Amino acid sequence: MINPLLRGFKAAVRPSDRRLPWQWMEDHVLVDNTSSMSGNWRSDNSPWVKEIAEVAADNRVRRVTVKCSAQSAKTQTIMGILCWAIAEDPGPAMWVMASKDDAKDLFKDRIDPTFRACKPVSDLLLDTEGLTYRFASMPLYFVGAGSPSKLQSKPIRWLFLDEVRNYPKGALDTVLKRTRSFWNSRQFIISTPDMEGDTVDRSFKEGDQRTFHFPCPACGQLQPLKMEQLRWDTNEATKPAGEWNFDALAETIRYQCVACVHVIRDTPVDRRTIARTGRFIRMNPNAPRSNVSFTWNALLPHWVTWRSLVEEFLLAQAAARTGDLSPLKAFVNESLGESWRDQLGEIDDFDNLAGCMEDYDFGDPWPDERARFMAADKQESGGEHYWWVVRAFGPFGKSRLLGYGRCNTFAELEEIRKTYNVPNTNAILDSGFKAREVYRFCAATGWKAFKGDDAPFFLLHEPVPGKPGQMRTVRRIWRYTYVDPHFGTAQAGKFRPIKLFQFANDPTKDMLAEYIGRLVGEFSIPGHKRIGRDYLKQLTAERREETKDARGRLRFVWKRVRKDNHLWDCELMILVAAVVTKVVATQGPSSMSQPSKPASNGSAEDSPKN
Ligand SMILES: [Zn+2]
C-alpha cells in the first residue's frame, strides 16, 4: 500500500499531459457496459463531442451549455472530461443530478466502473464516502439538486450540471449562486431542452450557440443538419388506406441537400460521414468568449436511425391532431434537441392576423376558388341576432375571407347566403342555443346544424378500406348524428330527422390556430384596411393555455379572454365543414350532404342533449 500522501505528492509533481483532452480520453477511458460500444472510448463514434472536451481545457471559458437531443453521448462525454480533469487539471468537482437517487444510480452503474477502469484516475483514488470521492488531487461530490444543504457554498472548480431540465424549480439558480468559484472554474450545463425561455434555453442563447453543420458530399455546401431536409414519400405503398406502412416508408426516407438536392441515405457509412466531416458553427459569434454553447439533434448520432425519427414524428403528429400534444413536445425536446414553444397559443394579439392579410379585397374574383362556406352563430343577448362569416377555399388549404357581419333574422341569413352564392348544403348554423328553432330552420332550408362538444375526440367504427366485412375503430374530431327537428313537441317523429354535426372543441380550435398561424395552408383576410377591429378582436377572443391532465400529460385548453367570440366560432365551424367535405385535409371519409348511414359508435340513434 502506497502512502496516500506520497501518492498526492507524485500527482502534484508529475508533468501534465499536453495532448488534447479527447486524445487523452482515447488512451485512458473505457466505455462502461451500459453502452453497446464498450471498449476504449473512441472519438470517431461521436466526433462532435471532441470540441466540448477541447473547450473543457480552455481556461478562458467559464460556462459551457450543451442543449441537445437525448441519447447522444452526453453523459459519456462528461465522464471522460471528468477523468481527464482528475488526472490532468484537478480541482474540487461537483456533479449535480436532478435527485439524490439519480446521483446514486449514476454513481453505481456508470461512474464507479469508469473510474476503476481508468488507470490514471484509479491510481489517484484514496477512498469514497457515500457519494463523495477523495482523490489525491481533489475531492468530487455527487449530489441531488433537491438537497440544497448539500450545495452550500463549497468552493468548486469543476461543476457538472446534468439533465438540468429535471431539476426541481429554482434548484439551478441555487446551485449557481451557492457554488463559490475559482478564477478558472468551469460550469457545464448539460440537458435535453424543455420550454423556450427556461434556464437551459437562456443559458444556451447567452452562449455562442455552436450549431452542428456538415458539408454536402456532392456540392460541398455547409449546412445545418435539420429535420426539415428529411424527405419521405406519401403514396399508395407508404400510406395505403390512409395508414402509414412504416416498412415501406423507411425505404423512401432520405436527406436532401439544401443546395443541390443531392440525396443522402440512412446508412451507417453515410451517417458517420456526416458526423466526421461536420463541424460546429457559432450562430452567436458576439457572445463573450467565456460563454460557449452547443446544440445538435438526433439526426447526428449514427445509432439513432432516421427511420425511427420519422416514425416518432408521424405518430406524434397524429396524436397532436387528437389533442394530445405531449408526444410532439417530447419529439421536439428529445429528438430535435429544441426548446418547445407554444406557438399555437400566440394568437392573442393582432400580429398573427396581420400575417394573414393578403393583397385582395372583398368582392375580388379568385380563380383558385374550389368551394365556399357560410357559418352563423345565433345570439340572444341584446335582442336576437346572428354573426356570420363567408369564406372560400382553394387548393392546398388556402382560404379567403369573403365577408362577415351581423344580422337580425333567419330571413336575412338566407338573403346573405344567396347574395354570396353559397350553396345551402355548405351553410352552417350553430345549434348550441335554441336548438329546436335552429333544427327547424335547417330542415326547411337545407342549412346544416353544427354543435361543439367537449369530448377530446369521437371514436367511430368504420369499414376497413379494401377489406370487406372488417371494421376498425378510428378517432375523429367530428361526427354526425340524426336529430328530430320537432323533438319535444306534438310533431315529434312526423318529419324526417336532420343531421347534427358535432365537433370536438379543443382539437378543432388547435387546427384553426394552425391555419391562422399559417403552420398549415394559407388562411387569408383582405389587406387594404378593409377588415374591421370587430373581426380582429373576435378572432383573438380565445387563447390557448397549457395544463396537465390527471395522467400528467401536457394538454392545451382554450380559454375565452374576450366576451364576443362569435366570428371565431363561425370560422371554426367553417373549417370543420371544410374538413368534413374534404376541401382541406380530412381525417376520414364522409360528406355533409350525401345521405349515408352514420359511421358512429352506435350512438346514431342517441338524441343529442339539449
Ligand atoms: Zn449539395
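The values are calculated or read from the model by the stated rules, or taken from the named source; none is laboratory data. This is a predicted model, so every value here is computed, not measured. Because the Cβ atoms are built from the backbone with ideal geometry, glycine has one as well, and the counts that use them run over all protein chains shown.
The table below lists the values:
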| read-out | value |
| --- | --- |
| Any hit, region 131-140, residues being out of contact with any Asp or Glu (no Cβ under 9 Å at 6 or more places or on another chain) and free of Cβ contacts under 8 Å to residues at least 12 places away in the same chain | yes |
| Residue within region 41-51 that is β-branched (V, I, T), farther than 15 Å from C118 by Cα and either part of a helix (DSSP H, G or I) or at pLDDT 95 or above (or both) present | yes |
| Among (1) closer than 15 Å to P217 by Cα; (2) at pLDDT below 95 - the single one M283 does not satisfy | (1) |
| Selection status of Y439, farther than 17 Å from F373 by Cβ and either in contact with a His (Cβ under 9 Å, 6 or more places away or on another chain) or buried (at least 20 other Cβ atoms within 10 Å of the Cβ) (or both) | yes |
| Qualifying positions in region 201-225 - within 16 Å of the ligand (Cβ to nearest atom) and assigned to a loop (DSSP other than H, G, I, E, B) | C216, P217, A218, C219, G220, Q221, L225 |
| Elements of type strands (runs of 3 or more DSSP E) contained in region 234-349, each with 3 or more residues being of a type in the set (S, T, N, Q) | 291-296 |
| Pairs with Cβ under 8 Å, 6+ apart, first in region 387-415 and among the acidic types (D, E), second at pLDDT 95 or above and in a loop (DSSP other than H, G, I, E, B) | none |
| Qualifying positions in region 244-284 - over 16 Å from W306 (Cβ atoms), loosely packed, with under 15 Cβ neighbours inside 10 Å, away from the ligand (no atom under 16 Å from the Cβ) and not charged (D, E, K, R) | N245 |
| Unmet criterion (only one of (1) touching a residue at least 40 places away in the same chain (Cβ under 8 Å); (2) crowded, with 20+ Cβ neighbours inside 10 Å) for T199 | (1) |
| Looking only at region 228-248, and only at residues there that are in contact with a helix residue (DSSP H, G or I) (Cβ under 7 Å, 6 or more places away or on another chain) and among the hydrophobic types (A, V, I, L, M, F, W, C), the one that is nearest to V464 (Cα to Cα) | W244 |
| Those residues of region 409-449 which are within 14 Å of K378 (Cα to Cα), not basic (K, R) and not in a helix (DSSP H, G or I), in sequence order | T409, A427, I428, L429, D430, S431, G432, F433, W447, A449 |
| Within region 176-200, considering residues that are part of a helix (DSSP H, G or I) and of a type in the set (D, E, K, R), the one farthest from R63 (Cα to Cα) | R178 |
| Cβ pairs under 9 Å, 6+ apart, first in region 216-236 and within 20 Å of F294 (Cβ to Cβ), second near the ligand (Cβ under 8 Å from one of its atoms) and not aliphatic (A, V, I, L, M) | L222/C216; Q223/C216; Q223/C257 |
| Residue in region 450-473 that is hydroxyl-bearing (S, T, Y) and either outside any strand (DSSP E or B) or surrounded by 15 or more Cβ atoms within 10 Å (Cβ to Cβ) (or both) present | no |
